[in-house]
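Heads up, the thing below is written out as structure tokens.
The values are calculated or read from the model by the stated rules, or taken from the named source; none is laboratory data. It should be emphasised that the depicted structure is a prediction, and the values quoted were computed from it without experimental measurement. As a convention, Cβ positions derive from the backbone with ideal geometry for all residues, glycine included, and neighbour counts pool all protein chains shown.
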There are 2 protein chains.
Amino acid sequence: MADLPERVEIAEEGPREGFQIEPGPIPTADKVALIDALSATGLRHIQVCSFVNPKLVPGWADAEAVAAGFSPRGGVRYAALWFNENGLKRALAFRDRLSITGSVSLSASDAFSVKNLNRDHAANLDAMRRMTAVHKAAGVPVTRVGVMAAFGCNYQGDILPEQVVRTVADGLAVAQEAGETIADVSLADTMGWATPTRIERGVGAVRERWPHLRIGLHLHDTRGLAVANAHAGLRLGVDRFDSTVGGLGGCPFAGQKGAAGNICTEELVLLCEEMGVRTGVDLDALIEVGRMAERIVGHALPSELLRAGSLDAFRRKQAA
Amino acid sequence: MADLPERVEIAEEGPREGFQIEPGPIPTADKVALIDALSATGLRHIQVCSFVNPKLVPGWADAEAVAAGFSPRGGVRYAALWFNENGLKRALAFRDRLSITGSVSLSASDAFSVKNLNRDHAANLDAMRRMTAVHKAAGVPVTRVGVMAAFGCNYQGDILPEQVVRTVADGLAVAQEAGETIADVSLADTMGWATPTRIERGVGAVRERWPHLRIGLHLHDTRGLAVANAHAGLRLGVDRFDSTVGGLGGCPFAGQKGAAGNICTEELVLLCEEMGVRTGVDLDALIEVGRMAERIVGHALPSELLRAGSLDAFRRKQAA
């Protein structure tokens, strides 16, 4: 218990990650309303949209409208996602509203790179060198290395900690060549292969090699272990997590139709707060936003907390 | 990682716990088919039915038919549940097919006792003394103390480890007065209040006081933390867990309509096996039984694994 961090930073990715996977179009006004509701819960990091090709991801054809539509709240960082120069340009148009930083995004699984991006690790490194130059030219700092499939891969199987370390090293080298300084590494369990033991080994290996880097976890609940994996991370002092309200999102990868998406923000907040790790989030307000997300997508979301309610709600009843 | 047990014993409670909460009657043949399918997965402990008043629990009006109907498999212990002398008598009629042992069942929350059993802790202790005498008279050994609401209660709020220790002590005293020897203590998170920290403290307090007792955990996934709580138990060497296939069951207690039931057996097996803790269970076979359970109840069950599939299934694809 002694290893738990005092507080954690939660990056809410529900608006961005959650809506692109829904079959029907989500009205822009609903996306904006969700972002504004999230920003009122105490969350300080919200990823609001994806500047991607609307032909490939029709759900984000309204990225500009969403980026222009939300009401910025003081103290909250709003982020977005892009994959190429055009996407970055579109994001930069909202520089006054969005926090724009670049990352070097790699995969610990070569097979996943090929399936997901249609290029192998070497080609992906080249692409990241070009993208880093683009960021640099635009005056956008590149501060993070992201490693997808860091704990296992549907196309390649188990991923060893050494593969994660090699991938991080490659990402750091790309940044260094460009004179950029990486502060954060994000390890993503893209397809739900992590277990608490794998988290311990993967995080441990990266931390041993680069003790000064801040490690974040991007967890998916594909097989129901996301909260246990988050706890394993917390025990190692990991204090940065991505999550989605209600568990919005899913897993678009082979053979996993209907599988769960990211770890639910509510369950992550409950886990932390009930163990004395501060999140800054009002859980009851967040649960209401989760229920709002369910109304927006028109179906139940994976979060069990949306049905059960917080423990504080019961504590208040007894105190009353 | 060093604290993980080498193997765990899983008591499958899906047939008993899962069907009593379903609104429609489940055909006896389906119940029997599920039990027989479960016994083919490698599970060694299966709770098959509840000998309760059919007027109070209509879903178990067919307890005798189920107890008579399944096909016993060598090496598998089949258990049942009862709450009074009449229930025990009905169970004893199947002594050749069922493993019959008694337990002293208490609640760490007085308020829960009153709400759930309509008697306070003192009255419940009296009832347990009478029931222990009934077991003894029938030649049924009383081997376990069960503690409900061991980590928190919807009606009473937080439960401290000291309350759990007091409750276990009361249960042990009831058994001792009757000359019975308790080997197992089961701590139940009846309403989903546990966190990994509370598991560590509760299990730790009981183990410190009674190092020779085997501690089991009965976890509910009411708020999505069940797998993390199981992992916290495993780290302390806990090697006995109750669970239900698919996450069958629910939470009939105040304000939690639609809340999840017990920890899913599949997710517990995945957690254990992927960390090198043996369960003896064939996970892919168990996932198929989970899908069968979904067909029987006619709706999706909480288990994420039913949709995502095991990791071994993907490993085999790559090996092929």
* To do: Quick one: B:D170 ticks every box in (1) within 28 Å of B:S99 (Cβ to Cβ); (2) surrounded by fewer than 24 Cβ atoms within 10 Å (Cβ to Cβ); (3) without any contact (Cβ under 8 Å) to a residue 60 or more places away in the chain except a single one, so which number is it?
  => (3)
* Within the bounds of region A:18-38, is there any residue that is buried (at least 21 other Cβ atoms within 10 Å of the Cβ) and closer than 30 Å to B:N229 by Cα? -> yes
* Six or more apart or on different chains, Cβ under 9 Å: which pairs go from a residue in region B:47-61 that's surrounded by 14 or more Cβ atoms within 10 Å (Cβ to Cβ) to one that's in a strand (DSSP E or B) and among the basic types (K, R)? Could you list them? => none
* If you check every pair at least six apart or on different chains, which have Cβ atoms under 8 Å apart with a residue in region B:186-210 that is assigned by TED's automatic domain parsing to the domain that holds B:T143 first and a residue that is in a helix (DSSP H, G or I) and surrounded by fewer than 18 Cβ atoms within 10 Å (Cβ to Cβ) second? -> B:A205/B:E162; B:R209/B:A169
* Asked: What tally of residues in region A:287-304 results from selecting those that are assigned to a helix (DSSP H, G or I), within 11 Å of chain B (Cβ to nearest Cβ) and over 20 Å from the mean Cα position of the chain (by Cα)?
  -> 0
* **Some residue of region A:270-286 being in contact (Cβ under 8 Å) with a residue 24 or more places away in the chain, within 13 Å of another protein chain (Cβ to nearest Cβ), assigned to a helix (DSSP H, G or I) and within 29 Å of A:N116 (Cβ to Cβ)** => no
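Residue-wise test of (1) of a type in the set (S, T, N, Q); (2) in contact with a helix residue (DSSP H, G or I) (Cβ under 6 Å, 6 or more places away or on another chain); (3) surrounded by fewer than 16 Cβ atoms within 10 Å (Cβ to Cβ).
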{"site": "A:V66", "(1), (2), (3)": "no, yes, no"}
{"site": "A:S71", "(1), (2), (3)": "yes, yes, yes"}
{"site": "A:K89", "(1), (2), (3)": "no, no, yes"}
{"site": "A:A108", "(1), (2), (3)": "no, yes, no"}
{"site": "A:S113", "(1), (2), (3)": "yes, yes, no"}
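Take the residues in region B:139-179 that are at positive phi and assigned to a strand (DSSP E or B); name whichever of them is farthest from the other protein chains (Cβ to nearest Cβ).
In this case the residue turns out to be B:G152.
If the requirement is being more than 14 Å from every other protein chain (Cβ to nearest Cβ) and either in contact (Cβ under 8 Å) with a residue 40 or more places away in the chain or part of a loop (DSSP other than H, G, I, E, B) (or both), which of these qualifies: A:I182, A:I215? Steps first, answer last, please.
Values: A:I215 fails: either in contact (Cβ under 8 Å) with a residue 40 or more places away in the chain or part of a loop (DSSP other than H, G, I, E, B) (or both).
Unique residue meeting the criteria: A:I182.
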* Asked: What tally of residues in region B:305-319 results from selecting those that are farther than 16 Å from A:C153 by Cβ and free of Cβ contacts under 8 Å to residues at least 40 places away in the same chain?
  -> 1
* Give just the number: which of (1) over 24 Å from B:V145 (Cβ atoms); (2) at pLDDT 95 or above; (3) more than 16 Å from the chain's Cα centre (by Cα) does B:A183 not satisfy? => (1)
* Asked: Which condition breaks for A:D242 when tested against (1) assigned to a helix (DSSP H, G or I); (2) out of contact with any Pro (no Cβ under 9 Å at 6 or more places or on another chain)?
  -> (1)
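Among the candidates A:G249, A:G255, which residue alone is at positive phi, within 12 Å of chain B (Cβ to nearest Cβ) and either at pLDDT below 95 or assigned to a loop (DSSP other than H, G, I, E, B) (or both)? Lay out the reasoning, then the answer.
Numbers: A:G249 fails: within 12 Å of chain B (Cβ to nearest Cβ).
Being at positive phi, within 12 Å of chain B (Cβ to nearest Cβ) and either at pLDDT below 95 or assigned to a loop (DSSP other than H, G, I, E, B) (or both) holds for just one of A:G249, A:G255, which is A:G255.
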